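A short worksheet on the structure shown next.
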Amino acid sequence: MLPEPVLRKAAEEMLDCQGSGQSVMEMSHRSPEYEAIIQGAEALLRDLMSIPANYKVLFLQGGASTQFAMVPLNLLGKKAKVDIVVTGAWAKKAMSEAKLYGSVRAVASSEDRKFTYIPRLSPDMFDQDAAYAHITTNNTIFGTRYREIPDTGALPLVADMSSNILSEEFDVTKFGLIYAGAQKNIGPAGVTVVIIREDLVGNALPITPTMLDYKIHVENGSMYNTPPCYAIYIAKLVFEWLKDLGGVSAIQQINEQKAQLLYGFLDHSKLFKGTVDPEFRSLMNVTFVLPTDELNKAFVKTATASGFVNLKGHRSVGGMRASIYNGMPLDGVRQLVAFMDAFERQNA
Ligand code: PMP
């Protein structure tokens, strides 16, 4: 979901953005009007995440999936080794892409128990001779998240934050690089945010295509080529909405309440069951199952008919998944829980 006030503002400005006589979609990306939008978006994100001055913020294209290649191409340098913590399908994709350019080691994996937990990590588990370590802070498909960011010592830590950026407070200084596809907590698909520490820019492998070199995008303020203008504009509106709400600490409180409501119900239910270790439960993706596949199917079907859409679990794991990103209001979760409660009573 996107926050309703954001969609309303976008609708209001659709034909005439701030008296410019144009839709944002019609503006030249080099116009002063558009420069104000992209620079405003960056300033708001810096403010929301307290991004220090020695980090660059980029608005790129190609989704988080392109970052799976861009990160190794830019960060491997002469080291040629990468440490990856394997906590789900997206981490595995990051790993296989990095393998195209260097040697990759799984520091730890939770595949032995179907990715239902986050492995324990200590600083000595990381190879200080590697180029970087990579984690996925929230595992969208399996419904787990890191409760603590691992200490990797001097080794730059790279995080795929696609599904929980801006959902809880993160200390950016713990990371060398953060990337996130926008389509969960930032805005529409089409823009990918990259936050990169300055010293990691400018070391791309010689084979790196120009469009995949962070340095090119840093030097051109994310305008080496035409940026995804409208997606960045919506992101700016989302950042404004979040700031008005009280920022990341405020949305974190709401997200914790939302998650607590849903997990609290699952813990007391005799029919529904959460699928991951409680310690590592995601605030964004709540995964659960019913005792049989028939019941899972029946639940998704009746839920859809009642207006609760997108509850089917990822095709690779089955069951159910309630994605309760920042845009989902507390009341939406209350209604879902009431619906689940009624379903349980009917099927007990
Ligand atoms: N990483 C994570 C954690 C994701 O959830 C997703 C998409 N759901 C991706 C990467 C891939 O993102 P994209 O579709 O933007 O390439």
- Query: Of Ala98, Leu205, Val218, which is farthest on the positive side of the dipole of the stretch 4-245, counting Cα position, with +1 on Lys and Arg Cβ, -1 on Asp and Glu Cβ, and the Cα centre as origin?
  - Reply: Ala98
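Looking at the chain, which longest stretch skips every one of the GluC sites (Glu not before Pro) that is in a DSSP loop with at most 14 other Cβ atoms within 10 Å, leaving the sites themselves out?
Free of exposed loop sites, the longest segment is 170-348.
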- Query: If you put +1 on each Lys and Arg Cβ and -1 on each Asp and Glu Cβ, how big is the dipole of the stretch 248-347 around its Cα centre, in Debye rounded to 20?
  - Reply: 280 debye
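Assuming R0 = 56 Å, can you tell me the calculated FRET efficiency for the pair Glu219 and Gln346, based on Cβ-Cβ distance, to the nearest 0.05?
About 0.40, to the nearest 0.05.
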- In the chain, taking the dipole from +1 charges on Lys and Arg beta carbons and -1 charges on Asp and Glu beta carbons about the Cα centre, the listed residue (Phe175, Ile51, Ile37) farthest towards the positive end is Phe175
- State the Cα centre-to-centre distance between the stretch 238-268 and the stretch 166-194 in whole Å. 17 Å
- Query: Among Val248, Ser20, Gln128, whose Cα sits farthest toward the positive end of the charge dipole of the chain (+1 at Cβ of Lys/Arg, -1 at Cβ of Asp/Glu, about the Cα centre)?
  - Reply: Gln128
- Two decimals is fine: what's Rg over Rh for the stretch 1-132, C-alpha atoms, Kirkwood radius as Rh? 1.11
- Task: Take the Cβ-Cβ distance between Ser23 and Gln335 as r, set R0 to 51 Å, and report the resulting FRET efficiency rounded to the nearest 0.05.
- Result: 0.90
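For the chain, which DSSP H helices look membrane-span-like by this rule: Cα extent along the axis of 15 Å or more and mean Kyte-Doolittle of at least -0.5?
Membrane-span-like by this criterion, though nothing is claimed about a membrane: 32-49, 63-75, 229-245, 247-268, 293-305, 330-347.
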- Message: Under a Cβ-only charge scheme (Lys and Arg +1, Asp and Glu -1), can you give me the dipole magnitude of the chain about the Cα centre, in debye to the nearest 20?
- Response: 980 debye
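Sort Lys243, Lys56 so that the residue with the fewest other Cβ atoms within 10 Å of its own Cβ comes first and the one with the most comes last.
In increasing order of surrounding Cβ atoms, one gets Lys243, Lys56.
Read-outs throughout are calculated quantities, based only on the coordinates presented, and are distinct from any laboratory measurement. Given the structure is predicted, the values throughout are model-derived calculations rather than measurements. In this analysis, Cβ positions are derived from the backbone assuming ideal geometry, glycine residues included, and neighbour counts consider all displayed protein chains.
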